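Worksheet: the structure to be examined is printed underneath.
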Amino acid sequence: MRVLYITGWCRSGSTMLGNVLAEAPGVVHVGELRFLWLNGVLGSGSNARCGCGLNHRECPVWSRVLEAVRPDGRTLDQHAADVVAWQDAYRTRHTWRALRNPPPPGNGWPDTLAATYRAIAEACGAHTVVDSSKFASDAALLSGLPGIEATYVHLIRDPRAVAWSWMQPKAYTGRRSALNSTLNWAGFNLAAEAVGRAHRADALHLRYEDLVRNPRGAVADILELIGSEGPNPVAADGTVELGGNHTVTGNPNRFGRGRTRIDEDRRWHTALPRSQRAATTLLALPLLRRYGYETRV
């Protein structure tokens, strides 16, 4: 089976991209899988509802997957607490270590991640699992997981658009300042670059702005990357018919259904205060140039 892992920073369109890809035959998008145990089992995260609308424990897919990967002798809650503790050794800043070194002794996160991907593929009848967790540290593990063929999409969005988005609280998460968002934007994208460099033949670099301006072309490139021979779900007019999904968490647009147009959100151009725009531009300047973004304030 294959895993397509989306790296980058939050508010960059990964939920939308994943749900579009999930309309291709044999592809399932699971949202931010990393938070399945924190949100779905322990209920201490920001969103405990599956994309189908049910609690994760009640969802027919996640209830089956959680049981499949739960070790004998551990309850769901005990195993979830184990997983969350193991994940602490695989935060974004650990990406470079994860690329170079084997897992720490006794850390069960890599094995749990591999088993979860296999259980998802079996439960959903899929050949490709799209994970939009955006933790490059987890993406760094994929090539070493047994039975997994890994591919990667590094999704990037203008940090000023991201900063403005984070300044607008959403139902599933809180607010971040422009400074906090931009620092995370830089850190997450640098870590994503490290994964991409380590797996050049299996990685694709994609700007959100290019995705929304030519969604059919961008999705075609990704389908080619994962070896999918099915039809492109994006119509010539840039729309896609979205069905149901079983995403763990993510942008509230994951609950959208029906014919949907893929459009660029440009509100930040006029809504982001000039002082915040200037601070974000200066802080992100080296990467703005690298990714081909306008550097004028």
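Some observations on this one:
- Within segment 189-205, residues that are within 21 Å of Leu223 (Cα to Cα) have Cβ atoms under 7 Å from residues that are at pLDDT below 95 in these pairs: His199/Ser143, counting only partners at least 6 apart in sequence or on another chain.
- Once segment 153-186 is narrowed to residues that are charged (D, E, K, R) and part of a loop (DSSP other than H, G, I, E, B), the residue that is surrounded by the most Cβ atoms within 10 Å (Cβ to Cβ) is Arg157.
- When segment 43-90 is filtered for residues that are in contact (Cβ under 8 Å) with a residue 40 or more places away in the chain and surrounded by fewer than 16 Cβ atoms within 10 Å (Cβ to Cβ), the ones remaining, listed by number, are Ser46, Gly53, Arg64, Ala68.
- Taking segment 91-145 as the range and being among the acidic types (Asp, Glu) and either buried (at least 20 other Cβ atoms within 10 Å of the Cβ) or not in a helix (DSSP H, G or I) (or both) as the test, the residues that pass are Asp131, Asp138.
- Subset of segment 70-103 (residues that are charged (D, E, K, R) and closer than 23 Å to Asn184 by Cα): Asp88, Arg91, Arg93, Arg97, Arg100
- Residues within segment 259-291 that are outside any helix (DSSP H, G or I), over 22 Å from the mean Cα position of the chain (by Cα) and surrounded by fewer than 17 Cβ atoms within 10 Å (Cβ to Cβ), tallied: 3
- Scanning segment 249-291 for residues that are basic (Lys, Arg), closer than 24 Å to Thr173 by Cβ and at pLDDT 90 or above yields Arg257, Arg266, Arg267, Arg277.
- Condition check for Asn189 on (1) surrounded by fewer than 22 Cβ atoms within 10 Å (Cβ to Cβ); (2) among the polar types (S, T, N, Q); (3) touching a His at 6+ places or on another chain (Cβ under 9 Å); (4) outside any loop (DSSP other than H, G, I, E, B): one failure, at (1).
- Of the residues making up segment 7-32, those that are assigned to a helix (DSSP H, G or I) and out of contact with any helix residue (DSSP H, G or I) (no Cβ under 7 Å at 6 or more places or on another chain) are Ser14, Gly18.
- Hey, Val20 surrounded by fewer than 21 Cβ atoms within 10 Å (Cβ to Cβ), at pLDDT 95 or above and either among the hydrophobic types (A, V, I, L, M, F, W, C) or under 30 Å from Ala186 (Cβ atoms) (or both) or not: no
- Among the candidates Ala150, Ala194, the residue that is crowded, with 16+ Cβ neighbours inside 10 Å, touching a Leu at 6+ places or on another chain (Cβ under 7 Å) and in a helix (DSSP H, G or I) is uniquely Ala194.
The values are calculated or read from the model by the stated rules, or taken from the named source; none is laboratory data. As the structure is a computational prediction, the values presented were derived from the model and not from experiment. Heads up, the Cβs are rebuilt from the backbone with ideal geometry, glycines too, and the neighbour counts pull from every protein chain shown.
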